[in-house]
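Undergrad: Quick one: the structure is below, and I'll ask about it shortly.
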Amino acid sequence: MRPTMDALLAAAAEQQVSVRWLNMPEGWRGAYHLPSRTVYLCTCMSECDAVPTLMHELAHVAREDDGHQARPVEARIDRLVACRLIAPPEYRAAEALVGPHIGALAVELDVPRWVVAAYRETLRRHKIVA
């Protein structure tokens, strides 16, 4: 089952992590600041965008990262989030319905485009046929 924003906020609170919404620089969705144990989320996001972003930032919490990490780390976390949000049968059904276009798949799966891209990268890395 896909986590809800309420469930993720409760998980953050259980870990004694604050979640704050603020205007962020262009292109930023979220960030984690280890010393203050605070996740920052961009106010411009819909819940569809905010849920996977908070999942991503909570992965940084679990790793005890502080701020942006090297691209391979960020990509790995994106793939982990994507695999929690998209199940293989769901992806197959969406692709059969709308084809391979990443934007159409994102709409059909109700996730941001970056989640579909990360999921596809997981399929490619593991040579999985969806």
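The values are calculated or read from the model by the stated rules, or taken from the named source; none is laboratory data. Everything numeric here is computed off the predicted structure, so don't read it as measured data. Cβ placement follows ideal geometry from the backbone for every residue including glycine, while neighbour counts extend to all protein chains displayed. Note: accessible area is taken over every heavy atom of the protein model, side chains too, but ligands, DNA and RNA are not part of it. Shrake-Rupley method; radii C 1.70, N 1.55, O 1.52, S 1.80 Å.
Undergrad: With +1 on the Cβ of every Lys and Arg and -1 on the Cβ of every Asp and Glu, and nothing else charged, how large is the dipole of the chain about its Cα centre, in debye rounded to the nearest 20?
TA: On the way: 15 positive and 16 negative charges, 100 e Å.
Computed about the Cα centre, the dipole is about 480 debye.
Undergrad: Around Y91, with a cut-off of 11 angstrom between Cβ atoms, what is the net charge of the other residues, counting Lys and Arg +1 and Asp and Glu -1? Mind showing how you got there, number by number?
TA: Details: positive: R92, R120; negative: E90, E95, E108.
Cβ neighbours under 11 Å give a net charge of -1.
Undergrad: Then there's this: Which value, in Å² and to the nearest 10, is the accessible area of L80 when all protein chains are kept and the probe is 1.4 Å?
TA: 90 Å²
Undergrad: Which trypsin sites (Lys or Arg not before Pro) from region 21-81 combine a DSSP loop assignment with at most 12 other Cβ atoms within 10 Å?
TA: Values: sites: R29, R37, R63, R76, R79; in loops: R29, R37.
Loop-located and lightly packed - none at all.
Undergrad: A further question follows. Show that you can apply the helix-only estimate: for the chain, add -39,500 (n - 2.57) for every DSSP H stretch of four or more residues, divide by all residues, and state [θ] at 222 nm to the nearest 500. Mind showing how you got there, number by number?
TA: Details: 6 runs with 74 residues, N = 130.
Taking each H run of at least 4 residues, the total per residue is -18000 deg cm²/dmol.
Undergrad: Relative contact order for region 1-94 using alpha-carbon pairs under 8 Å, separation at least 6, rounded to a whole percent?
TA: Result for region 1-94 is 25 percent.
Undergrad: Roll a 1.4 angstrom probe over the protein heavy atoms and tell me the percent of accessible area of the chain that is carbon or sulfur. Write out the running numbers ahead of the final one.
TA: Working: 4140 of 7510 Å².
Heavy-atom surface of the chain belonging to carbon and sulfur, 1.4 Å probe: 55 percent.
Undergrad: Using only the alpha carbons of region 58-130, determine the length spanned along each of the three principal axes and report them from longest to shortest in whole angstroms.
TA: Computed over region 58-130, the largest-to-smallest principal extents equal 40, 24, 17 Å.
Undergrad: Within a Cβ distance under 15 Å of K127, other residues only, what is the Lys/Arg minus Asp/Glu net charge? Before the final figure, lay out the partial values.
TA: On the way: positive: R79, R120, R124, R125; negative: E121.
Within the 15 Å Cβ shell, the charges total +3.
Undergrad: Something else about it: Enter the accessible area of I77 (Å², nearest 10), with the probe set to 1.4 Å and all protein chains included.
TA: Per-residue accessible area (I77): approximately 10 Å².
Undergrad: Taking only C-alpha pairs under 8 Å that are 6+ residues apart, what is the relative contact order of region 23-73 in percent?
TA: On the way: 54 pairs, mean separation 20.1, N = 51.
So the answer I get is 39 percent.
Undergrad: Ordering H101, H68 from largest to smallest accessible area (1.4 angstrom probe), what's the sequence? Mind dumping the intermediate values first?
TA: Details: H101 110, H68 150 Å².
My answer, sorted largest first, is H68, H101.
Undergrad: Would you mind checking the radius of gyration and Dmax of region 2-93 based on alpha-carbon positions, in Å?
TA: 13.1, 43
Undergrad: Counting heavy atoms of the protein chains only and a 1.4 Å probe, report the per residue accessible area for the chain as a whole number of Å². Write down the numbers at each step before the final one.
TA: Details: 7510 Å² over 130 residues.
Spelled out: the 1.4 Å probe surface of the chain, per residue, equals 58 Å².
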